[in-house]
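Worksheet: one structure, shown below.
The values are calculated or read from the model by the stated rules, or taken from the named source; none is laboratory data. If you're wondering where the values come from, they're calculated on a predicted model, not measured in any experiment. All Cβ positions, glycine included, derive from the backbone under ideal geometry; neighbour counts span all protein chains shown. To get the accessible areas, we keep the full protein, side chains included, count just its heavy atoms, and leave off ligands, DNA and RNA. Shrake-Rupley method; radii C 1.70, N 1.55, O 1.52, S 1.80 Å.
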Amino acid sequence: MSEPRLRIGVVCYPTFGGSGIVATEIAEAMAERGHEVHVLSTAPPVRLRHSRENLRFHQVGALEYPLLEPGGSYAIALASKLVDVAMWAGLDVVHAHYAVPHATSAWMAREVLGDRRFGLVTTLHGTDITLVGSDPSFQPITRFSIEKSDIVTTPSQFLRVETAARLGVHRPGTRAAPSSERDPTEGIVVIPNFVDVERYCPRPLMSPGLPAPAYGARDWGHAEALLVHASNFRPVKRIMDVMAIFGRVVADRPCRLVMVGDGPERQRAESWARDRGLASRVCFLGRQEEFVDVLQQASAFLLPSESESFGLAALEAMACGVPVVASRVGGLPEVIEDGVSGVLETLGDTDAHAKAVLSLLDSPERMAAMRVAARQRVLDRFQPGPVLDAYEALYQAAAGKRALRPGS
Ligand code: GMT
């Protein structure tokens, strides 16, 4: 007998970050599986396609008032919206993406709803633990919100361990054990991120039936190597390392760099390129909803980040058969097998990153093998189906817990 359909609330940031993309893809897929899905965010998430009647968007708008700090009332406005949607739609489960403040708002809403409360699944994405959530100004509330969630997931084993180490969380069922026997990561489930392998594919596999890229495919030319980076240009992405790696490669051979995205470090990077007479070789594309056609023409994808819980951008590149040269940090070694489906180098050693790129460019055979291995790695481990099955099972479990607690 098939499982009963669920009413699912999805809370996420609408921006170009990976957490919003993952949340949107899950929401769309759950609607396609017949569940009723309600997405709550401050604006329609960039990749939300509004394609189905059983997928609805609810805008969270916070009251602006002179006494309130700008944005300061977001957590309360979100909790209020969750109460409203939960009461109107009878939500069985809410999936909060990014702990701060989404899991906290969900907890607040559950307190208000009492016996009409929903089950709560919280997915931690990265900086909600490594930067924001573990800052002393947020730490106790982040830990509390994680402990109060029915189910907690992370996209990598790295973030699972990091969450336990930085926040000292004790998920239900672990408190009773003597501290010497307690596994602080118990109760945190690793579910990797995923990518649509039909949309993200090497160029020859593109079929006319698939959706076209958001903008006209531009030919980046095949005579020269094409390096690509995509991110939110925050300090954690080490944008100036991307520039340094490119500077080293372009000093050796004709080469171009496409920078996709926008953020605080963009101006510095643009000035770097201008000051060195490289402006015509570096293209800052700005934010792009999709850039599959750029990836499909890339020789390598650069990701020299300080930290990555997972590295969704790397996965998208790999799905297109593009070798990723990245730093050996965070969850990246769980995504990229060093020397097989990409290359991992020491954080900050831009020379080593550049040499890795040059060595690939020098060896067409190795490059070809790595392209195949990158795509194969994604096909083997990061396809949507099994990941969505795992989330669906967790939603059923969380909804079931809710049913077991009437009046609690
Ligand atoms: O944490 C951020 O700065 C943004 C965040 C996001 O919303 O995209 O990125 C994190 O979540 C992604 C999706 O799970 C991961 O692929 C990224 O690796 C992760 N970023 C960091 O850990 C820095």
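Structure data summary
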{"item": "Single condition residue 381 does not satisfy, out of (1) open to solvent by less than 50 Å² (accessible area, probe 1.4 Å); (2) within 16 Å of the ligand (Cβ to nearest atom)", "result": "(1)"}
{"item": "Subset of the stretch 1-24 that is touching a Lys or Arg at 6+ places or on another chain (Cβ under 7 Å) and within 11 Å of the ligand (Cβ to nearest atom) - its residue that is modelled with the lowest pLDDT", "result": "16"}
{"item": "Some residue of the stretch 34-53 being in the same structural domain as residue 134 (by TED's automatic domain parsing), open to solvent by less than 20 Å² (accessible area, probe 1.4 Å), in contact (Cβ under 8 Å) with a residue 60 or more places away in the chain and among the small types (Gly, Ala, Ser)", "result": "no"}
{"item": "Test: residue in the stretch 61-70 that is surrounded by 14 or more Cβ atoms within 10 Å (Cβ to Cβ), away from the ligand (no atom under 16 Å from the Cβ) and over 14 Å from the mean Cα position of the chain (by Cα)", "result": "yes"}
{"item": "Qualifying positions in the stretch 110-142 - modelled with pLDDT of 95 or more, open to solvent by 10 Å² or more (accessible area, probe 1.4 Å) and within 17 Å of residue 9 (Cβ to Cβ)", "result": "111, 112"}
{"item": "Spans of strands (runs of 3 or more DSSP E) in the stretch 259-329 with at least 3 residues open to solvent by less than 10 Å² (accessible area, probe 1.4 Å) and within 13 Å of the ligand (Cβ to nearest atom)", "result": "324-327"}
